[in-house]
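So the structure is just underneath, and the comments pick up after that.
Quick note: the coordinates plus some simple rules give every number you see, no bench work behind them. Bear in mind the structure is a predicted one, so any value in this text is a computation, not a measurement. Positions of Cβ are backbone-derived with ideal geometry, glycine not excepted, and every protein chain shown enters the neighbour counts.
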Amino acid sequence: MTDAHHPKFAKLIDLLARIPAIDINDTPSRGFGSGEAGGAWWVKFSIDIDHDLAWHAVQELGAVLNYLSLDERLASVFKPVSPPPYLNGGPEDFLSWVIEAPDDLRPGSLADILEDRLPKPVEDEAAWLGEPDDDEEEDLEADGDEDGPFASLDDD
């Protein structure tokens, strides 16, 4: 529930809040900021830099939001933002991340793109590490492909 935000941000904030390394809290904003100005919108949040998946989250979000593919780029930008460290303190408390996009790329549409391309299910830490879930392991065993697609290469 994103009562502290305009409803247009609800789907995106709900998705981001499910990512394991993203900091959320019990306030109405859940630790997110959002807004719009000058024909663009933004969502700001923190990533727990001590979380084992912090850099995985940065890498995955950066890949999708900044460079969907070599031939297909979204109009979004994902980047770090910070006040001057010499005035405030270190990244544990003052490093934030922002997603910015023009108004014609709606936050809900961006949430759909992220959901489609981020590890599945997005809240599953093992998925972020590339570990197959139990269903995938069972499928591999049923197919007799326990060693993966390159097993025959190792048999020489």
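If the cut-off is 17 Å between C-alpha atoms, which lysines fall inside it for Lys44, apart from same-chain ones fewer than 8 positions away?
Partners found: Lys8, Lys11, Lys79.
Once the Cα atoms of the stretch 1-106 are picked out, what are the Rg and Dmax in Å?
Here Rg and the maximum Cα pair distance are 13.9, 41 Å.
Taking the Cα-to-Cβ direction at Ala63 and at Asn88 and moving 7 Å from each Cα, how far apart do the two end points lie in nm?
It is 2.9 nm.
Could you calculate the contour length gain from Lys8 to Ala75, that is, 0.36 nm times the residue separation minus the distance between their Cα atoms, to one decimal place in nm?
Extra length from Lys8 to Ala75 when fully extended: 22.4 nm.
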